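Note sheet for the following structure.
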Amino acid sequence: MGGLLQKDFLLLRDIGKQFTFIFIFFAICDYLSSDDFGFCRSFGTVAVLITCVNLISYDEYYHWDKYSFALPVSRRQLVQVKYIMFLLLATLVSALILVLELFLQENGWQAAVVTIGTLYAFNLVCIALVIPLVYRFTARKALLVTVGAIGGVTAAIAAIFVSYLNLVGQENAVGQLENIFNNYLALLVVGVIALVSILLFISYQISVRLVEKKTF
Amino acid sequence: MSNLLQLESVNKEFEQFKLQNITFTLPAGTIMGLIGENGAGKTTIMKLILGLQQKDSGQIKILGYALEELPLSEKAKIGLVLDEFPYPETFNCREVGMIMSKIYQNWDNKVFENFCTRFDLSDKKVLKTYSKGMKMKLQLAVALSHQAKLLILDEATSGLDPVAREEILDLLLEFIQDEQCSVLMSSHIISDLEKVCDYITYIHQGKIVFSEEKDLLREEYGIVRGNKNMTAELPAEAVVGVRQHQFGEEALVWRAKLPQGFSVEPASIEDVMIYYNRRKEG
């Protein structure tokens with residue numbers, strides 16, 4: 001598995017160059033123009049997802065996917081390596097944004113941790129949704145799927161939130177949310193971690209099945 | 001002598017094409033050439049052997065194991081050269097070596113480096129600057145650096161200049177010298193196969209026409225040339241196929257079925273393939 005990971009790291013080195021450059025550019029802009037790293041956060045989330053899709057699509061583009069099926073590694077291992085890479089990538093980018101937020105944050109470290117933690121969970125949910133679709137529909141449709149997935153998840157969250165605001169009113173909603181955060185934060189964190197873990201596990205199992213059935 | 005590869009009554013059906021009853025055996029220490037026109041089924045056979053396609057029925061045995069039960073440790077003894085270059089072109093050959101050394105347990109980096117030097121594969125250049133011949137050589141260098149016993153080459157020499165092809169063919173002959181290793185290669189360049197192969201398997205429209213020793217093919221078949229009505233004099237059971245041209249006729253014949261008195265010239269593998277093809281079309 002080490003060789004496969006190394007191959008993906010080397011690919012990441014090549015495809016991550018542009019993203020790193022844009023990320024640094026956004027970080028500087030954010031630093032000079034505002035009191036948080038909003039651009040970096042948004043860009044980081046999208047960049048992680050696109051890079052994950054790219055890692056699979058480059059395998060297809062270079063015919064590595066076909067070749068790798070004939071190598072002495074199981075198909076399950078091929079998928080495992082991809083998920084490990086995605087987790088590492090999402091974690092690394094979230095940690096980087098967190099460091100930047102902590103460096104500049106004026107609202108205290110708790111707010112930065114909650115914001116980045118939420119984004120990290122959102123990122124992992126997007127990955128869990130998108131990757132099986134990429135394996136199923138091949139990487140050609142990956143970009144559309146990616147945009148669709150981000151849009152879909154965001155729209156779903158926004159719709160739930162708006163309905164909630166309409167139902168209880170803005171002032172009540174803020175109060176209730178503060179109450180939840182203050183009293184049930186640990187439970188909320190555990191719940192989110194559990195939900196994301198389950199989603200990732202299901203996503204991984206579906207991806208393994210799809211890859212095991214794949215033929216050339 | 002053990003068999004490194006065995007296909008028995010392998011069938012695979014697609015919407016518009018089917019492989020039927022594919023049976024052949026590749027003994028250790030030999031090279032087998034798969035020949036056939038485009039779309040005959042050569043690549044599909046390779047894919048079935050490599051597990052890139054699932055067969056509908058029949059049995060494939062590799063290194064003594066049924067394909068479905070082939071352990072990864074044995075799979076590591078298969079060297080691959082595919083028609084499509086499989087390594088990311090932003091890498092260099094040293095990076096490819098680094099990756100493959102972690103995938104193959106029996107990887108020998110010294111052997112790989114020697115091949116890279118011998119093939120003039122610079123690690124200062126990224127792979128996208130390599131020529132087609134260099135890319136093929138890199139695949140071959142990888143395939144020969146992990147103590148493979150069975151080498152599978154799909155159109156490995158096509159698109160290469162004669163010098164590069166000759167170099168690759170020499171390497172294949174070196175590879176089988178210890179009588180323990182074998183090569184299965186498909187190619188359109190029949191002269192290449194004629195130089196190195198011990199066995200020739202001819203596939204036509206998804207079926208095996210013959211799978212025989214190359215030398216036996218030469219002994220079995222011959223070409224008879226004559227005037228325009230020459231083939232009428234030949235016994236029908238001796239004629240495989242006929243070709244008519246401006247000055248007369250040529251026929252591929254089974255030597256054993258031909259009565260004495262005819263002047264028979266040696267037939268090349270290409271002759272055998274072309275005449276068989278005409279016969280099938282006829």
### Task
Quick one: divide the alpha-carbon radius of gyration of the protein assembly as shown by 2.2 N^0.38 Å and tell me what you get.
1.30
### Query
Along the charge dipole of chain B, Cβ charges K/R +1 and D/E -1, which of B:ALA256, B:PHE112, B:LEU173 sits furthest on the positive end?
B:PHE112
## Note on the structure
Here the gain from full extension of B:SER158 to B:LEU216, 0.36 nm per residue of separation minus their alpha-carbon distance, amounts to 18.3 nm
### Task
Rounded to the nearest Å, what's the spacing between the alpha carbon centres of the range A:118-176 and the range B:1-59? Just the number, please.
47
### Task
Quickly estimate the mean residue ellipticity at 222 nm for chain A, helices only: each DSSP H run with n ≥ 4 gives -39500 (n - 2.57), and the total goes over all residues, rounded to 500.
-32000 deg cm²/dmol
### Query
How large is the helix-only mean residue ellipticity at 222 nm for chain B, computed as the sum of -39500 (n - 2.57) over DSSP H runs with n ≥ 4, divided by its residue count, in deg cm²/dmol to the nearest 500?
-9000 deg cm²/dmol
#### Entry: Within 10 Å of each Cβ in A:2-9, the average number of Cβ atoms from other chains
5
### Query
How would you rank A:79-87, B:221-229, highest first, on the average number of other Cβ atoms within 10 Å across their residues?
A:79-87, B:221-229
### Task
Output the pairs from A:LYS82/B:LYS195; A:LYS213/B:LYS195; A:LYS214/B:LYS149; B:LYS55/B:LYS125; B:LYS18/B:LYS125; B:LYS110/B:LYS214 with a Cα-Cα distance over 32 Å in this structure; if there are none, say none.
A:LYS82/B:LYS195; A:LYS213/B:LYS195; B:LYS55/B:LYS125; B:LYS18/B:LYS125; B:LYS110/B:LYS214
### Task
Find how many whole Å separate the alpha carbon centroid of the range A:65-92 from the alpha carbon centroid of the range B:162-208.
34
### Message
Between B:GLU265 and A:ARG13, how high is the FRET efficiency from 1/(1 + (r/R0)^6) when r is the Cβ-Cβ distance and R₀ = 60 Å? Nearest 0.05.
### Response
0.50
## Note on the structure
Here FRET efficiency (C-beta to C-beta, A:MET1 to B:GLU68, R₀ 22 Å, nearest 0.05) is 0.45
### Query
What dipole magnitude, in Debye to the nearest 20, does chain A give about its Cα centre under +1 on Lys/Arg Cβ and -1 on Asp/Glu Cβ?
1240
### Message
Is the C-alpha gyration tensor of the range B:23-92 telling us rounded, prolate or oblate? Criteria: a/c under 1.5 is rounded; beyond that, a/b larger than b/c is prolate, otherwise oblate.
### Response
oblate
### Query
Over all distinct Cα pairs, what is the inverse of the mean 1/r for the range A:1-148, reported as the Kirkwood hydrodynamic radius in Å?
16.2
### Query
What is the distance, in nm, between label points placed 7 Å from the Cα along the Cα-to-Cβ direction at A:PHE181 and at A:VAL153?
2.1
### Task
Provide the gained length on full extension for the span B:ALA232 to B:GLN105, in nm with one decimal, where the gain is 0.36 nm per separating residue minus the Cα-Cα distance.
39.5 nm
### Query
Averaged over peptide A:60-73, how many Cβ atoms belonging to another chain are found within 10 Å of each residue's Cβ?
6
### Message
Testing the spin-label approximation: label points 7 Å from Cα along Cα→Cβ at B:THR23 and A:ILE28. State their distance in nm.
### Response
7.3
### Message
Inside 10 Å of the C-beta atoms of B:91-99, what's the mean count of C-beta atoms belonging to other chains?
### Response
3
### Coil-residue chymotrypsin sites (Phe, Trp or Tyr not before Pro) of the range B:1-103, DSSP, other Cβ within 10 Å capped at 12
B:PHE14
#### Entry: Amide H partners (placed H, <5 Å) of B:LEU4, local residues excluded
B:LEU26, B:ALA28
### Query
Under the Kirkwood approximation for Rh and a Cα-based Rg, what ratio Rg/Rh is obtained for chain B?
1.03
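Every number here is computed from the coordinates shown, using simple stated rules; none is lab data. In this text the structure is predicted, and so the values were computed from the model without any measurement. Every residue, glycine as well, gets a Cβ built from its backbone with ideal geometry; the counts of neighbours run over all protein chains shown.
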